[in-house]
2 protein chains.
Amino acid sequence: MNRIITIGREFGSGGRELGRRLADALQFAYYDREIITELARRTSLSEEYVQRIVEHRPTAAFPIHVGRSFYPMVNPMWEQGQAVYQEQHRLIKEMAAASNCVIVGRCADYILRDMRPFRIFVYAEMASKMRRCREKGEDAKAMSDKELTQHINDINRGRAKYYEFYSGQEWGGRLNYDLCVNTTQLDLAEVVAAIAKLF
Amino acid sequence: MNRIITIGREFGSGGRELGRRLADALQFAYYDREIITELARRTSLSEEYVQRIVEHRPTAAFPIHVGRSFYPMVNPMWEQGQAVYQEQHRLIKEMAAASNCVIVGRCADYILRDMRPFRIFVYAEMASKMRRCREKGEDAKAMSDKELTQHINDINRGRAKYYEFYSGQEWGGRLNYDLCVNTTQLDLAEVVAAIAKLF
């Protein structure tokens, strides 16, 4: 069976970079943004739209019975969110079946649980996440500390809700991972070299 | 400054063994039971008694004012608990100042925070902790699953309370550690070799 490494990560923690470097070090395939691109191709939706869907838990819209009618009210947004999630589910399984790989985000740890992936969660202190965001993006540079903190928290809350909605598990809850890495005081290259030794 | 590694660990997770192997691999001093022995020597209390004190949060007994009296009610158990904790605090600082070392438990991550120790938390799924306990001890072998689960949970609750009482931080809360290691599916020797690469 292929070796699969999944990476859950707080926004701003460097989890994506850690994943990419680990894939390079181990010569594993690396999937992150590639998943969105392929999903967009398969569903004929725009990448931006797919990105939005897979970063937000769909609003629950259960069938509503009106009077004696048994016709459910169909919510097209909900249906589309589910369809994209299902396609993503299939896609991630295909990727994991194809070769050794590192998959960032997208509930891959949960989706691939039968393959016993090595599950990493990457996190950091807020000051460290802010610094990293500002190093990487002009948007973050233009924000005040308060705005950036809220921006980071908003994205992470979205990730947590999405993960919990589809997996029924706590995002970042230590028992759902084999290794949780705090990047605040660590050098990413050294961490990657250490983790690579496990494979 | 010396390199310090602190290990917080769930009872039954193999954290002590991980710490000892890591100290061996790095040729660092290793402190665990040694702390109790030295504390007993310094305080002239029995090792068993010291062990009990340092594994339980002292019952808070704040001064009680009776009528107009300003005399606090003194609780000798509380005083002794505090004295032992303070002696332990001094001892851990001495150990950290003496050489590179691995220190297991005892709030060492918090006590030595100014020395920026590398803080590891070791945990595992309950079934794994039960298996490990039964491999190591006759007491655990004699217990039913329910009894052993309760025994493990009791000890871990004690550790959590002790840590939170003295540090004001959450025991096992990921932000208080640099690395959290789930030993359920990992080989301790491999984990130790990987972590040793960071030093």
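The values are calculated or read from the model by the stated rules, or taken from the named source; none is laboratory data. Owing to the predicted nature of the structure, the values given are computational and were not obtained by experimental measurement. All Cβ positions, glycine included, derive from the backbone under ideal geometry; neighbour counts span all protein chains shown.
Per this entry, B:Arg119 is not counted among residues that are surrounded by 22 or more Cβ atoms within 10 Å (Cβ to Cβ) and part of a loop (DSSP other than H, G, I, E, B). So which residues in region A:145-168 are polar (S, T, N, Q) and at pLDDT 95 or above? Once the filter is applied, which keeps residues that are polar (S, T, N, Q) and at pLDDT 95 or above, region A:145-168 yields A:Thr149, A:Gln150, A:Asn153, A:Asn156.
Only residues that are more than 14 Å from chain B (Cβ to nearest Cβ) and either surrounded by 15 or more Cβ atoms within 10 Å (Cβ to Cβ) or part of a helix (DSSP H, G or I) (or both) were counted across region A:122-147, and they come to 16. Here region A:166-199 is the region considered, the condition is being closer than 24 Å to A:Met126 by Cβ and of a type in the set (Phe, Trp, Tyr), and the residue that is surrounded by the fewest Cβ atoms within 10 Å (Cβ to Cβ) is A:Trp171.
Residues of region B:122-146 that are touching a Lys or Arg at 6+ places or on another chain (Cβ under 7 Å), under 29 Å from B:Arg3 (Cβ atoms) and not hydroxyl-bearing (Ser, Thr, Tyr): B:Val122 alone.
The condition of being acidic (Asp, Glu), closer than 24 Å to A:Leu179 by Cα and free of Cβ contacts under 8 Å to residues at least 40 places away in the same chain holds for only one of B:Glu138, B:Glu170, B:Glu147, B:Glu125, that being B:Glu170. Here region B:165-199 is the region considered, the condition is being acidic (Asp, Glu) and facing chain A (nearest Cβ under 7 Å), and the residue that is farthest from the chain's Cα centre (by Cα) is B:Glu190.
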